[in-house]
């Protein structure tokens, strides 16, 4: 019992520390949006967006979209527990599930959340990779809702790149960010899934290329 209490206290401290760090990174840094008219077009029409971004770009987007009530697919693994708690502090909605655990239930839940009028988000290569491998959950969500998938990616001028399966990016405070939106992808029928999977992958990698090259011109 004592072990459980200690574990909850430690978890709470870690989550609070992570949120404070994320908040400090966000408020002390500037950002440049690229192709933001894509987002603005759908927001103006009140069309819920399904955002797609790679797992290693998760962190800053939690700050960028804080208090927006975005529903985010988060795995039921232990690392997902911490991510979900940080997202809760950011006023985001964590919908728990992945391709390996609770996936179907979570997919139905996030589809219904989108149909309620809220934006949603997927990391198609999470929770375990391989890096930049695109799983089909996000495409099925687009098929069932009719809403657009919009790729999004960021890069920071100063960051730490971890030696993890996804090379997770940790930006530093007092930074500069480039946030890139990609061409929207619609999935009109089940027969289009494989074609649209290739199209989405291409667009997601294009946002990575633009974001990663953005600060090279300043060096």
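General observations
- Taken along its principal axes, the alpha carbon cloud of the chain reaches lengths of 54, 48, 33 Å, longest axis first.
- Relative frequency of Cα-Cα separations exceeding 19 Å in the range 93-219, percent: 55 percent
- For the chain: relative contact order, % (alpha-carbon pairs under 8 angstrom, 6 or more apart): 25 percent
- The range 189-215 versus the range 72-145: alpha-carbon centroid distance in Å: 18 Å
- Calculated mean residue ellipticity at 222 nm for the chain: -14500 deg cm²/dmol, from DSSP H runs with n ≥ 4 weighted as -39500 (n - 2.57), summed, divided by the residue count and rounded to 500.
- Stokes-Einstein diffusion for the range 1-89 at 4 °C, viscosity 1.567 mPa s, with a Kirkwood radius from C-alpha pairs, works out to 85 µm²/s.
Each value in this text was obtained by applying a stated rule to the coordinates, not by laboratory testing. Keep in mind the model is a prediction, meaning the values are calculated, not measured.
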